[in-house]
Amino acid sequence: MSLTTIPRWTVAAPLVAWGAILASNSFASSALFITLLAVLLAGTVFAAVHHAEVVAHKVGEPYGTLILALAVTVIEVALIVSFMLAGGESKLALARDTIFSAIMITCNGIVGICLLLGGLRHREQNFQLSGAKVALTVLAAISVLALVLPNYGTSEPGPLLSSSQLAFTGVVSLVLYGAFVFVQTIRHRDYFLLEGSHSEDEHAPPPSVKVTLISLALLLVCLVGVVSLAKLLSPSIEGFVEAAGAPAAVVGIIIAALVLLPEGLAAANAARADRVQTSLNLALGSALASIGLTIPTVALIFVVMGEPLILGLENKETIFLVLTLLVSSMSLAVGRTTILQGIVHLVIFASFVFFAISP
């Protein structure tokens, strides 16, 4: 698909979706309308992927992947905050569950699919080892400080943090993510650039400024549409989870999966085009943005409101987090990927989903 023109369906999908959103008050209880919303959600996600690729192709690496990561994180924060404020005490752990799910989805699900698809099509793929090491180092620090350390504090019981601890955790997360963005985009930008890519899009002419601005506007329309559609579908999603007898944490997995679907598709397309560097930039950058921006934002809101917030992971989730960080550091330690690394990450992801549904 050409990135220098705007396909009509990528404009029609979000517009029809917004029409359905505006008409939702009249048809919200209809099963047929709920099905239509689900179809429009998928179409809007695919449209978002196309517009994100147009913008990324125009601005180049690594700014393109950073733009998408930031945009998706804004959507994630909006979803988490709206769900938590509406759900009361029953949703105190939703931010933790969603952030943890985002890490598992990006570092195991998206990375696993990308490495598997790339390995099947190109046998072996190369990437910048220095960039992956930088991202994993920051991810390990933020995730442990924000999601594991709260379990061992004494000011508040269990996984809770006091207001001062919550504020400090938010500042630390923001500082670490800001340092990563500085390294990625300015200080050591070459760590995250493509090497030896054979993608036709890499040598294709970039889109015009007009096309890029239109795609950027449509990307924002699509992403906000995804949030609105997800909120309309949330009662059905929560009802389905309860009917299936699954834990409440599954709602966080579903939210994270919906939000990360555009990046996942873009990363998979890049891997198939022999641009695994872009895939890793998207996956690891999304994991970092998810925790590095979501934690400070949620922390600020709940400190101002004086409300408690559960951040500490339970023992099972802590094991999955440590395993993910360990395997990622080893599987991305040589600058080359094969299908074996992809299979290992996908097995860990499948185990995470299985034990979340059947604890």
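The values are calculated or read from the model by the stated rules, or taken from the named source; none is laboratory data. All of these numbers come straight from a predicted model, not from anything done at the bench. Glycine gets a Cβ as well: all are built from the backbone with ideal geometry, and neighbour counts include every protein chain shown. SASA here: full protein model, heavy atoms, side chains in, ligands and nucleic acids out. Shrake-Rupley method; radii C 1.70, N 1.55, O 1.52, S 1.80 Å.
The table that follows gives values for the structure above.
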read-out: Any hit, the stretch 173-191, residues being in contact (Cβ under 8 Å) with a residue 60 or more places away in the chain, loosely packed, with under 15 Cβ neighbours inside 10 Å, part of a helix (DSSP H, G or I) and among the hydroxyl-bearing types (S, T, Y); value: yes
read-out: Boolean, A287 is touching a Leu at 6+ places or on another chain (Cβ under 9 Å), over 14 Å from I103 (Cα atoms), touching a residue at least 40 places away in the same chain (Cβ under 8 Å) and in a helix (DSSP H, G or I); value: no
read-out: Residue satisfying condition, being over 18 Å from the mean Cα position of the chain (by Cα), more than 21 Å from A146 (Cβ to Cβ) and in contact (Cβ under 8 Å) with a residue 40 or more places away in the chain, within set I357, I301, I310; value: I357
read-out: The stretch 322-332 - residue that is more than 15 Å from V276 (Cβ to Cβ) and touching a residue at least 12 places away in the same chain (Cβ under 8 Å) and, of those, least open to solvent (accessible area, probe 1.4 Å); value: T324
read-out: Tally of residues being touching a Gly at 6+ places or on another chain (Cβ under 6 Å) and farther than 23 Å from L147 by Cβ across the stretch 313-350; value: 3
read-out: Residue match in the stretch 117-129 (condition: open to solvent by less than 20 Å² (accessible area, probe 1.4 Å), assigned to a helix (DSSP H, G or I), modelled with pLDDT of 85 or more and more than 26 Å from S173 (Cα to Cα)); value: yes
read-out: Residues of the stretch 114-168 satisfying the condition of being among the acidic types (D, E) and within 20 Å of L94 (Cβ to Cβ); value: E156
read-out: Residues of the stretch 203-216 classified as under 24 Å from the mean Cα position of the chain (by Cα) and either open to solvent by less than 50 Å² (accessible area, probe 1.4 Å) or at pLDDT below 60 (or both), total; value: 2
read-out: Selection within the stretch 94-116 - surrounded by fewer than 24 Cβ atoms within 10 Å (Cβ to Cβ) and more than 20 Å from I343 (Cβ to Cβ); value: L94
read-out: Residue within the stretch 72-92 that is modelled with pLDDT under 85, aliphatic (A, V, I, L, M) and touching a Gly at 6+ places or on another chain (Cβ under 8 Å) present; value: no
read-out: Filter result for G239 (of a type outside the set (A, V, I, L, M, F, W, C) and either in contact with a Lys or Arg (Cβ under 6 Å, 6 or more places away or on another chain) or open to solvent by less than 50 Å² (accessible area, probe 1.4 Å) (or both)); value: yes
read-out: Identity of the residue in the stretch 322-339, within 23 Å of G118 (Cα to Cα) and out of contact with any helix residue (DSSP H, G or I) (no Cβ under 8 Å at 6 or more places or on another chain), that ends up modelled with the highest pLDDT; value: L326
read-out: Scan of the stretch 267-276 for residues that are open to solvent by 10 Å² or more (accessible area, probe 1.4 Å) and in a helix (DSSP H, G or I), ordered by number; value: A268, N269, R272
read-out: Subset of the stretch 161-171 [open to solvent by 30 Å² or more (accessible area, probe 1.4 Å) and under 11 Å from I295 (Cα atoms)]; value: A167, F168, V171
read-out: Subset tally (residues that are over 20 Å from A283 (Cα atoms) and either open to solvent by 20 Å² or more (accessible area, probe 1.4 Å) or aliphatic (A, V, I, L, M) (or both)) for the stretch 130-160; value: 13
read-out: Which listed residue, of I295, I319, I254, I343, is modelled with pLDDT under 90 and surrounded by fewer than 24 Cβ atoms within 10 Å (Cβ to Cβ); value: I254
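For every residue, the table says whether it meets (1) within 15 Å of I295 (Cβ to Cβ); (2) touching a strand residue (DSSP E or B) at 6+ places or on another chain (Cβ under 8 Å); (3) modelled with pLDDT under 90.
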site: P150; (1), (2), (3): yes, yes, yes
site: E156; (1), (2), (3): no, no, yes
site: P159; (1), (2), (3): yes, yes, yes
site: S173; (1), (2), (3): yes, no, no
site: V183; (1), (2), (3): no, no, yes
site: L193; (1), (2), (3): no, no, yes
site: H198; (1), (2), (3): no, no, yes
site: D201; (1), (2), (3): no, no, yes
